[in-house]
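Some notes on the structure that comes next.
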Amino acid sequence: MTTLLAEILNGEPLNERETEILAGAANGETAAQTGARLFLSPETVKSYRKRVIAKLGARNGTHAVALALRSGLLR
């Protein structure tokens, strides 16, 4: 993730698709598994994950899941 992307997206709310992608990560799904479930390519899922990380101001995917759980974005 680039620093510029993080600066642009940090603090923006997650949209429905981004929340679905994040929920898949929280459930331990790989990008391929999430993609198959949502009819997306694994590369598209990875792009969504990068946006989620940037929007949440997280350091990585694991941190994004932890932040989402703490803030109530995910149950």
Expected unfolding gain across residue 44-residue 8 under the 0.36 nm per residue rule, minus the alpha-carbon gap, is 11.0 nm
Tell me what the chain gives for mean residue ellipticity at 222 nm when only DSSP H runs of n ≥ 4 count, each as -39,500 (n - 2.57), the sum divided by the residue total, rounded to 500 deg cm²/dmol. -20500 deg cm²/dmol
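Where the accessible area of the chain is counted over protein heavy atoms with a 1.4 Å probe, how much of it, in %, is carbon and sulfur?
Within the chain, the accessible surface is 54 percent carbon and sulfur.
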Relative contact order for the chain: what is it in percent, counting Cα pairs under 8 Å that are at least 6 residues apart? 37
Where a ≥ b ≥ c are the square roots of the eigenvalues of the C-alpha gyration tensor, would you call the chain rounded, which needs a/c under 1.5, or, failing that, prolate if a/b is larger than b/c, or oblate? oblate
What does the extension gain come out to for residue 32 and residue 60, with contour length at 0.36 nm per residue minus their alpha carbon separation? 8.3 nm
The answer for the chain, counting only DSSP H helices whose Cα atoms cover 18 angstrom or more along the axis and whose Kyte-Doolittle average is -0.5 or greater, is none
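The values are calculated or read from the model by the stated rules, or taken from the named source; none is laboratory data. Predicted model only: the values in this text are computed from it and were never measured. Quick note on the areas: whole protein, heavy atoms, side chains included, nothing else; ligands and nucleic acids left out. Shrake-Rupley method; radii C 1.70, N 1.55, O 1.52, S 1.80 Å.
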